[in-house]
Amino acid sequence: MSPFQLAICLGMVLSAAACAAPTDDAMRADAGWRMAHVDRVLPLDERLEVVGATQDCRLTAPNSAAGQAWLLVHYRRPPIMVFRVVPAMAHRDYAAGEPVWINVSDCHAQPRVSGMSAKVGLV
């Protein structure tokens, strides 16, 4: 095999590996999943002007468990930036700017963190 053929084969293998990332199937856009970034953790009773009622999942879960933490996140929906409040996973610390997957069609879906999402770097 020539060096050129080897380079082509290696490129094809690497491309196939990148396309097979676990986030491709598990985090599908047509199922409501979007890449977002954490702004901060919120208490249940804090109201925010940047978040509309349809984007605040705290309003759909008034009987949420005591001590439930909430995250203010943002994601791009061109041409605008959308802010959303989603439930945080229990016993997990979140850092500002941390990439997470959120489901914009299901307020009960907790954000998911993926090693691949950290590499994507989308804001």
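Throughout, read-outs are computed from the coordinates displayed, never taken from laboratory work. As the structure is a computational prediction, the values presented were derived from the model and not from experiment. We place every Cβ from the backbone using ideal geometry, glycine too, and count neighbours over all the protein chains shown.
Given a Förster distance of 25 Å, report the FRET efficiency between Arg112 and Leu59 from their Cβ-Cβ distance, rounded to the nearest 0.05. Step by step, r from the Cβ atoms, then E = 0.70. Here the 3J(HN,Hα) profile of the stretch 79-95, calculated from phi with Karplus coefficients 6.51, -1.76 and 1.60 at θ = phi - 60°, is x, 10, 9, 10, 9, 9, 9, 10, x, 8, 6, 5, 6, 9, 8, 10, 9 Hz, Gly and Pro shown as x. Compared with the alpha-carbon gap, the fully stretched path from His91 to Ala29 is longer by 19.6 nm at 0.36 nm per residue.
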